[in-house]
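What follows is a short report on a single structure.
We did not get these values from a lab; they are worked out from the coordinates using the rules stated. Everything numeric in this text was worked out from a predicted model, so none of it was measured. So basically every Cβ, Gly included, is an ideal-geometry build from the backbone, and we count neighbours across all protein chains shown.
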Amino acid sequence: MKLTDLEVFVIGTPPPGWGGRYWIIVKLTADNAITGYGEVYAASVGPRAMVAVIEDVFERHMQGENPENIELMFRRAYSAGFTQRPDLTVMGAFSGLEIACWDILGKAHERPVHALLGGRMNDRVRAYTYLYPMAHHDPAAFWSSPEMQAESALEAVDQGFTAIKFDPAGPYTIRGGHQPSLFDIDLSVRMCAALRDAVGNRADLLFGTHGQFNPAGAIRLGQALEPYSPLWFEEPIPPDNLLDFAQVARAVRIPIATGERMTTKAEFGALLRSGGAAILQPALGRSGGILETKKIAAMAEAFGVQVAPHLYAGPVEWAANIQLAVTLPNLLLVESIQQGGAFHLPLIRNSIRVEDGYIAAPTAPGLGIDFDEDLARAHPYAGDTLHLQMQESPCSYGGTNGFEGGAPRK
């Protein structure tokens, strides 16, 4: 088998846009006509520029190669340009292409991808979801309303979820780590209290921050949340200084989770050696692909660290996460978007489902999905903003810091 052709879909997500403003899905074809799909979760540049990077990585390092030779192709992408270090954009492009290779290999051998990665460890994987507005909620007010979030939490728990994630702690800002406002600390405490009161011990609370604070600010906030026993304190500081995570981990009695913005075992290895995280959250469309993330999970296992694959993208990365998760002895959770996502599910013709808070190990060949190319082509992305775009204005210390989930209005 040899890889011959590439097609890239840049898919605009219809409102409300859960999973980001657009998804980049790649399709590879081998010379035996077997096709495979992957997803690129990298958005340091706009989608047109990202498509050019994907095409370059494919043509330079993968076209004409046997899709079995994943290690060789990884080393080409990682090292050939005299780089030999983590590069979020190049490795994001490679990650999606690598996932597509595994889809081809699984179909060629008529086996699910997890069967080619060590086999089934978990018959089903535990899923979690962010809390999203219900139909009767004001979507702008929801993110700062403990009462509305408690309603959504009860709905999620009644659907079978045993873990729920929320992020009340302020804005996404380009200005780097900062001290939280007293308002945001107070809101975060009230949110935890309302959710704990609503769900009791039926579900773990997963507290997200998206890397907004400096170490001292993260410690102030984290210590205020300790009485509510969250399962994790997610990405409390930006990922640009991996050693700082250990400072937070030593001072806060909540497990630190991080990794959605990291790539390759080089970055995750530094984090593990520092003792900065108890839970790793690699995003397979960015972390180096399925094989590289399998290595990251193996390193984590040796450090007593669990893995919870991250998802704020489309259904192809979700499928890859599930295939990997089935194989992991140190799996904690997999992220899902509600019970599958109102646009995610039709794009893969409902070939994955969350049922009672769990996802069954796939049995179909490859990634186990049925990708709808016609639906993808019917939703091209026509915008000019990034997948997730942070605001320029700083944190407000005099009132509410607005937050509208993962795809705020422009």
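Please go through the range 73-144 and write out the trypsin sites (Lys or Arg not before Pro) that DSSP classes as loop and that have at most 16 other C-beta atoms within 10 Å.
In loop regions of the range 73-144 (DSSP not H, G, I, E or B), the sparsely surrounded trypsin sites (Lys or Arg not before Pro) are 120.
Given 195, 345, 137, which one lies farthest toward the positive end of the charge dipole of the range 118-365, if we put +1 on the Cβ of every Lys and Arg and -1 on the Cβ of every Asp and Glu?
Value computed over the given set: 345.
Counting each DSSP H run of 4 or more residues in the chain as -39500 (n - 2.57), what helix-only mean residue ellipticity at 222 nm follows after dividing by all residues, to the nearest 500 deg cm²/dmol?
-11000 deg cm²/dmol
Tilt of helix 146-158 relative to the longest C-alpha principal axis of the chain, in degrees (0 to 90, nearest 10)?
So the inclination is approximately 50 degrees.
Specify the residue with the greatest mean-square fluctuation among 257, 320, 298, computed from a Gaussian network of the chain linking alpha-carbon atoms under 10 Å apart.
298
State the extension gain, in nm to one decimal, for the chain segment bounded by residue 134 and residue 342, taking 0.36 nm per residue of separation less the distance between their alpha-carbons.
Net length gain for the segment: 73.6 nm.
Taking springs between alpha-carbon atoms closer than 10 angstrom, which of 374, 158, 103 fluctuates most in the Gaussian network model of the chain?
374
So which aspartates and glutamates pass the test for residue 2, namely a Cα distance under 19 Å, with those fewer than 8 places away in the same chain ruled out?
Candidates past the 8-residue exclusion: 31, 55, 56, 59, 65, 68, 71, 98, 103, 110.
At a 10 Å Cβ-Cβ cut-off, how would you order 184, 138, fewest neighbours first? Please list the in-between numbers first.
Numbers: 184 26, 138 9.
With the fewest neighbours first, 184, 138 line up as 138, 184.
Can you pull out the chymotrypsin sites (Phe, Trp or Tyr not before Pro) in the range 1-108 that DSSP calls coil and that have at most 16 other Cβ atoms within 10 Å?
For chymotrypsin sites (Phe, Trp or Tyr not before Pro) across the range 1-108 that sit outside H, G, I, E and B with at most 16 neighbouring Cβ atoms in 10 Å, the list reads 82.
Arranged by the count of other C-beta atoms within 10 angstrom, fewest first, what order do 363, 263 take?
363, 263
How far, in degrees from 0 to 90, does helix 290-302 lean away from the longest principal axis of the Cα atoms of the chain, to the nearest 10?
Taking the Cα atoms of the chain, the angle to 290-302 is about 50 degrees.
Which one, 309, 329, 282, has the greatest fluctuation when you compute a Gaussian network model over the chain with C-alpha springs under 10 angstrom?
329
Relative to the longest principal axis of the C-alpha atoms of the chain, give the angle of the C-alpha long axis of helix 182-199, reported between 0 and 90° and rounded to the nearest 10°.
80 degrees
What does DSSP give for the range 118-365 in terms of the percent of beta bridges that are antiparallel, rounded to the nearest 5?
Of all bridge pairs located within the range 118-365, approximately 15 percent are antiparallel.
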